[in-house]
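Notes to accompany the following structure.
The values are calculated or read from the model by the stated rules, or taken from the named source; none is laboratory data. All values derive from a computational prediction rather than experimental measurement. As a convention, Cβ positions derive from the backbone with ideal geometry for all residues, glycine included, and neighbour counts pool all protein chains shown.
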Amino acid sequence: MPRVLRDKRIVVGVTGGIAAYKVPELVRRLLQGGAVVDVVMTPAATEFVGPLTFQALTRRPVQVSTVGVWQGEQAGHVTLGAQADLMIVAPATADVLAKLAHGIADDAVTLTALACPAPLIVAPAMDHYMYRHPATQANVEVLRARGVTIVGPHHGPLASGMIGEGRMAEPDELVGAVRQVLGRQGPLREYTVVVTAGPTREPVDPVRFLSNHSSGKMGYALAEVARDRGAATTLVSGPTCLAPPYGVRRIDVETAAEMAQAVRETVADADVLVMCAAVADFRPRAPASEKIKKQTASLVLELEPTEDILASIQRPGLVKVGFAAETERLLEHAREKLERKGLDLLVLNDARRTMGADTAQVTLLRPGQAPDVLPELPKDEVSERIWDAIQLLLELRKDSALG
Ligand code: CTP
């Protein structure tokens with residue numbers, strides 16, 4: 001569970017578009033993260049998804065009417081917005097964008113939005129021509145200039161049967177946007193971080209490569225939590241099946257050499273480098289230019305070492321975090337790596353149990369300190385713990401710079 005959602009009050013405004021069918025999933029994901037979610041709907045939205053669906057998910061009343069429900073001393077129709085940490089309108093129709101841009105408040109969604117001083121996210125969803133219409137574009141610009149976060153819409157098949165720009169962003173991306181907006185004043189807001197993730201692929205011939213089992217999940221979780229805490233985050237990613245995290249700059253690479261190049265470029269103005277990628281240690285010395293045929297009875301590949309990226313980056317002031325994926329004599333090998341690569345923090349894990357899994361059991365090692373053995377945890381919680389440790393290092397660094 002990402003911590004940034006925990007106990008946050010989020011109002012989800014649902015308006016009348018077919019994409020409304022995806023919103024229960026968004027609500028479910030926010031609830032899973034520990035947020036308190038209230039849903040408000042326009043009457044048109046209830047034609048697509050019943051209020052009962054949201055009521056059952058949130059266990060809270062769903063507001064559809066603009067006629068305020070008095071809750072104790074407070075008028076329900078304005079209280080929700082006033083108490084929220086964030087409001088998200090998904091899907092946002094062209095009509096609702098226009099109303100939001102002009103302060104019209106004639107339904108439960110626009111009224112709540114007008115009475116809500118918290119940050120607003122909107123996820124437009126509509127027909128391509130409606131979205132591209134100068135009136136809608138002008139409304140989007142008004143909202144953007146006012147600080148509203150606009151997520152999507154994306155290009156793809158639309159309800160009209162057309163293919164064009166107008167598809168609502170998927171719940172995954174919307175959750176990412178909620179997390180980023182909630183966290184933008186977070187403890188890492190003044191920092192720039194680079195995280196690497198996934199495996200690398202070293203070509204053998206045009207159709208084959210050497211690689212490893214890394215899924216990229218740990219590195220992606222680290223990039224997401226850095227973003228949740230307000231850091232300007234770059235993710236240098238080897239090939240994975242994972243979607244780019246919202247609000248994170250992702251640079252895709254394939255080989256160790258490409259990763260080394262991307263890290264060198266991005267780390268130049270970074271405060272923290274977290275090397276979570278499972279970089280190949282060897283690559284074929286001379287990849288074949290054509291597909292290797294199987295006629296030969298045996299095949300010997302000559303390998304040469306790749307550059308050790310982490311060891312090669314030496315910049316005073318940069319916090320360097322490494323991972324040690326070991327299969328035996330874990331602590332001994334990890335301590336040796338901590339020293340050899342000049343690291344501030346090393347995350348040790350048992351490669352056989354961690355690679356590709358959703359959970360990890362890691363030990364945090366710092367120079368001159370006793371190992372901090374963490375229990376087996378979901379990778380996003382491991383990521384939170386790692387950033388707690390990095391934050392401590394950054395604070396110490398700041399204190400020693402000041403003192
Ligand atoms: N690493 C790197 N460049 C490489 C290999 C590894 O930057 N060519 C980084 C990894 O991202 C990780 C750390 O170094 O943060 C340790 O990686 P690991 O594979 O555990 O160790 P190696 O240095 O490759 O040593 P060995 O294979 O002998 O365990």
- Message: Considering only the range 96-104, I want to know if a residue exists there that is outside the structural domain of residue 227 (by TED's automatic domain parsing) and assigned to a loop (DSSP other than H, G, I, E, B).
- Response: yes
- residue 338: within 12 Å of the ligand (Cβ to nearest atom), outside any strand (DSSP E or B) and in contact with a Leu (Cβ under 7 Å, 6 or more places away or on another chain), yes or no? yes
- Task: Note down all Cβ pairs under 6 Å where the first residue falls in the range 248-264 and is under 26 Å from residue 151 (Cβ atoms), the second is modelled with pLDDT of 95 or more and of a type in the set (Gly, Ala, Ser), and they're at least six residues apart or on different chains.
- Result: 248/223; 250/237; 251/262; 252/237
- Message: Quick test for you: out of 138, 101, pick the one residue that is over 28 Å from residue 5 (Cα atoms), small (Gly, Ala, Ser) and surrounded by fewer than 23 Cβ atoms within 10 Å (Cβ to Cβ).
- Response: 138
- Note on the structure: Conditions (1) among the small types (Gly, Ala, Ser); (2) away from the ligand (no atom under 13 Å from the Cβ); (3) closer than 27 Å to residue 316 by Cβ -> residue 357 fails only (3)
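For the range 88-96, state whether one or more residues are over 30 Å from residue 309 (Cβ atoms) and surrounded by fewer than 23 Cβ atoms within 10 Å (Cβ to Cβ).
The answer is yes, given that some residue of the range 88-96 is over 30 Å from residue 309 (Cβ atoms) and surrounded by fewer than 23 Cβ atoms within 10 Å (Cβ to Cβ).
Tell me the strands (runs of 3 or more DSSP E) entirely within the range 208-326 that contain at least 1 residues that are small (Gly, Ala, Ser), crowded, with 19+ Cβ neighbours inside 10 Å and in the same structural domain as residue 360 (by TED's automatic domain parsing).
232-237, 319-326
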- Message: If I filter the range 278-294 for residues that are of a type in the set (Asp, Glu) and within 12 Å of the ligand (Cβ to nearest atom), do I get at least one hit?
- Response: yes
- Query: If you take the residues of the range 293-314 that are of a type in the set (Ser, Thr, Tyr) and within 26 Å of residue 343 (Cβ to Cβ), which of them is nearest to the chain's Cα centre (by Cα)?
  - Reply: 312
- Item | Wholly enclosed helices (runs of 4 or more DSSP H) of the range 128-204 bearing at least 3 residues at negative phi, under 26 Å from the mean Cα position of the chain (by Cα) and touching a residue at least 24 places away in the same chain (Cβ under 8 Å) | 171-183
- Quick check, is residue 356 surrounded by fewer than 17 Cβ atoms within 10 Å (Cβ to Cβ), touching a residue at least 60 places away in the same chain (Cβ under 8 Å) and within 24 Å of residue 253 (Cα to Cα)? yes
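So that you can scan it fast, the table gives a plain yes or no per residue for (1) among the charged types (D, E, K, R); (2) under 15 Å from residue 124 (Cα atoms); (3) surrounded by fewer than 22 Cβ atoms within 10 Å (Cβ to Cβ):
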| residue | (1), (2), (3) |
| --- | --- |
| 145 | no, no, yes |
| 151 | no, yes, no |
| 163 | no, no, yes |
| 166 | no, yes, no |
| 174 | no, yes, no |
| 180 | no, no, no |
| 187 | no, no, yes |
- Message: Need pairs with beta-carbon distance below 6 Å; first residue among the polar types (S, T, N, Q) and within the range 321-344, second at pLDDT below 95; sequence gap 6+ or separate chains.
- Response: 327/351; 327/352
- Item | Residue within the range 296-311 that is over 26 Å from residue 210 (Cβ atoms) and of a type in the set (A, V, I, L, M) present | no
- If you go through the range 304-319 one residue at a time, how many are within 15 Å of the ligand (Cβ to nearest atom) and free of Cβ contacts under 8 Å to residues at least 60 places away in the same chain? 11
- Looking for whichever is surrounded by 13 or more Cβ atoms within 10 Å (Cβ to Cβ), acidic (Asp, Glu) and either not in a loop (DSSP other than H, G, I, E, B) or not assigned by TED's automatic domain parsing to the domain that holds residue 317 (or both) here; the options are 399, 388. Which one fits? 388
- Message: For the range 54-85: of the residues being touching a Lys or Arg at 6+ places or on another chain (Cβ under 7 Å) and more than 27 Å from residue 159 (Cβ to Cβ), which is modelled with the lowest pLDDT?
- Response: 83
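Would you confirm, using the coordinates I've provided, whether residue 173 is within 16 Å of the ligand (Cβ to nearest atom) and not small (Gly, Ala, Ser)? Quick ask: steps written out before the conclusion?
Working: within 16 Å of the ligand (Cβ to nearest atom): no; not small (Gly, Ala, Ser): yes.
No; evaluated as a whole, the condition is false for this residue.
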- residue 200 fails exactly one of (1) crowded, with 23+ Cβ neighbours inside 10 Å; (2) within 24 Å of residue 88 (Cβ to Cβ), namely (2)
